[in-house]
1. Quick one: what pairs do we get from the stretch 314-336, first residue part of a strand (DSSP E or B), second surrounded by fewer than 18 Cβ atoms within 10 Å (Cβ to Cβ), C-beta under 7 Å, 6+ apart or different chains?
2. Quickly run through the stretch 256-310 and pick out the residues that are open to solvent by less than 10 Å² (accessible area, probe 1.4 Å), out of contact with any Cys (no Cβ under 7 Å at 6 or more places or on another chain) and among the hydroxyl-bearing types (Ser, Thr, Tyr).
3. Among all residue pairs at least 6 apart or on different chains, which show Cβ distances below 8 Å where the first residue, located in the stretch 74-90, is open to solvent by 30 Å² or more (accessible area, probe 1.4 Å) and the second is part of a helix (DSSP H, G or I)?
4. Do we find a residue being over 30 Å from residue 170 (Cα atoms), touching a helix residue (DSSP H, G or I) at 6+ places or on another chain (Cβ under 6 Å) and part of a loop (DSSP other than H, G, I, E, B) anywhere in the stretch 342-364?
5. Being open to solvent by 30 Å² or more (accessible area, probe 1.4 Å) and either among the acidic types (Asp, Glu) or closer than 20 Å to residue 279 by Cα (or both) is the filter here, so list the residues in the stretch 338-359 that pass it.
6. Looking at the stretch 222-232, which of its residues are in a loop (DSSP other than H, G, I, E, B) and either open to solvent by 50 Å² or more (accessible area, probe 1.4 Å) or at pLDDT 90 or above (or both)?
7. On the basis of being open to solvent by less than 10 Å² (accessible area, probe 1.4 Å), touching a residue at least 12 places away in the same chain (Cβ under 8 Å) and not in a strand (DSSP E or B), does residue 246 make the cut?
8. Restricting to the stretch 367-388, name every residue that is surrounded by fewer than 21 Cβ atoms within 10 Å (Cβ to Cβ), farther than 25 Å from residue 109 by Cβ and not aliphatic (A, V, I, L, M).
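The values are calculated or read from the model by the stated rules, or taken from the named source; none is laboratory data. Here the structure is a predicted model, which means the values were calculated and not measured. Heads up, the Cβs are rebuilt from the backbone with ideal geometry, glycines too, and the neighbour counts pull from every protein chain shown. With ligands, DNA and RNA removed, areas are computed over all heavy atoms of the protein, side chains included. Shrake-Rupley method; radii C 1.70, N 1.55, O 1.52, S 1.80 Å.
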Amino acid sequence: MYSQTSRLNVGSEWREPILLWVAALALAGCGGRTRLDAAHPGTQSSGAAPGGNSPGWSRPAQDGTCSEGTSPCGKGAGTRCNDLQNDPENCGACAKACTLGIRCSAGTCQQVRCEGALSMASGPETVPGAGAGAATVADVNGDGYLDVVTWKASTGQIGVRLGAGDGSFGPSMTYQAGASPVGVAIGDFNEDGLPDLAVAGYRGTGSAAAVTIWLGDGTGAIAKSAPHGFAAPLNRLVAGDVNNDGHLDVVVTGDGTTVMLGKGDGTLTKAGDYSPRGVVLVRDWNGDGNPDLIALDSTLSVLLGNGDGKFTAQQDCAIAVQPDSTVVLDFNRDGKYDIATTTYNSTQVSVLLGLGGCRFSPATKYAASAPLRYLSSGDLNGDGTLDLVAASATGQVLVLTGNGDGTFTAGPELQSLNGVADFSLTIGDANGDGRADVIVSGTTGVQVLVNTCP
């Protein structure tokens with residue numbers, strides 16, 4: 001499937017897995033791919049799906065040890081035994097994840113490293129259909145190619161489009177969500193080794209706001225389970241293991257933030273309400289091993305986790321951000337979180353390097369030729385450092401290549417789909433050549449900007 005294997009990235013450390021693979025709506029572009037490794041004898045597996053599929057990990061034995069060929073990753077009850085030689089979420093080391101769509105082999109992410117300047121070309125365009133709009137990306141049918149899940153609040157529909165492996169996507173398998181879908185996270189919520197969807201519904205005609213798990217069957221088809229109703233409208237959703245029990249949880253925002261704990265069987269239980277609105281990310285902000293919540297509204301704020309699904313009072317860092325165009329990652333690899341953001345319709349991307357806690361260096365600004373609204377991050381050129389991709393509402397896409405020290409160099413500026421309104425940017429290998437591409441989704445369709453670097 002990969003045309004080149006001689007120039008390989010030694011591993012990208014930017015995409016922060018949470019021991020359960022997940023492609024979330026969060027602006028960091030979290031994601032993953034299906035892992036169908038057999039459970040190891042002598043360990044407690046999380047359960048297998050019909051047909052022999054397993055979640056791709058196993059639980060330690062009672063004495064805490066992992067079977068031969070696997071290593072423990074995680075903390076406390078959330079510890080899992082992973083194959084660090086072949087696991088794209090833990091490739092060569094725990095929490096060392098490959099770029100979406102890039103496989104892991106012999107403990108190395110098999111991503112082609114560009115030898116020359118980054119270059120990109122417009123690839124195939126998938127015409128819009130029911131459910132076109134915003135999107136998230138993962139391999140939902142386990143064939144090794146990235147697929148696209150789209151949603152659109154105005155139609156109330158979700159669409160699943162299977163990747164052909166050449167950068168194009170098939171027709172939409174369409175589902176009526178009920179409450180207007182405004183956020184989707186992909187993950188294995190019932191731990192059968194097959195990807196599922198968590199969907200946040202704003203509110204629809206005759207439908208209350210709700211969070212619903214749609215269980216996948218491994219072919220791309222999904223089946224709706226009982227919804228969890230909310231009195232107030234919802235607007236965002238993200239997934240992660242927030243209480244270190246090894247099960248995937250959901251954090252949803254609307255008038256506030258609600259934490260919903262997963263049981264590993266596809267069901268959720270409401271566990272607590274908090275004040276932040278806007279976008280919430282799951283990160284270990286203070287490095288204590290417990291997941292924290294980073295809230296992006298008009299400013300960035302932090303709620304520190306206790307490791308049991310409960311969080312401390314909100315701490316406002318007084319850093320102005322735009323929720324839909326902010327990335328919180330470690331750009332200079334010093335172990336502290338940095339911020340990249342652009343305000344609504346600004347022609348600049350601002351990067352603030354973290355100094356620990358809520359302290360940041362003054363912003364460094366990078367200019368664009370058009371007003372920007374959307375921002376994403378990933379390793380585009382395979383050098384192991386984070387790059388930035390910014391886009392305007394009319395489809396102009398700016399690439400900023402990372403230098404590894406928190407600074408960036410202006411790369412190519414492209415024109416993708418015109419007239420885009422509901423816009424999503426994802427970085428991943430869409431055509432199976434070992435290079436990271438940019439997947440663009442909007443009301444005019446889904447398109448891949450193909451990485452053509454030498």
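1. 315/358; 316/299; 317/299; 317/358; 318/299; 319/299; 320/298; 320/299
2. Selection gives 257 alone.
3. Cβ pairs passing all conditions: none.
4. Start the filter on the stretch 342-364 by keeping residues that are over 30 Å from residue 170 (Cα atoms), which leaves 342-364.
Retained after the next criterion (residues that are touching a helix residue (DSSP H, G or I) at 6+ places or on another chain (Cβ under 6 Å)): 342.
Pick out the ones that are also part of a loop (DSSP other than H, G, I, E, B) and you get 342.
Among the residues of the stretch 342-364, at least one is over 30 Å from residue 170 (Cα atoms), touching a helix residue (DSSP H, G or I) at 6+ places or on another chain (Cβ under 6 Å) and part of a loop (DSSP other than H, G, I, E, B), which makes the answer yes.
5. At the first step, the residues of the stretch 338-359 found to be open to solvent by 30 Å² or more (accessible area, probe 1.4 Å) are 343-345, 347-348, 353, 355, 357-359.
Within the stretch 338-359, 343, 344, 345, 357, 358 meet the criteria.
6. Matches in the stretch 222-232: 225, 226, 227, 231.
7. Working: open to solvent by less than 10 Å² (accessible area, probe 1.4 Å): yes; touching a residue at least 12 places away in the same chain (Cβ under 8 Å): yes; not in a strand (DSSP E or B): yes.
In short, yes.
8. Of the stretch 367-388, the ones surrounded by fewer than 21 Cβ atoms within 10 Å (Cβ to Cβ) are 367-371, 383-384.
Right, trim to farther than 25 Å from residue 109 by Cβ and you get 367-371.
369, 371 - these are the residues of the stretch 367-388 that are surrounded by fewer than 21 Cβ atoms within 10 Å (Cβ to Cβ), farther than 25 Å from residue 109 by Cβ and not aliphatic (A, V, I, L, M).
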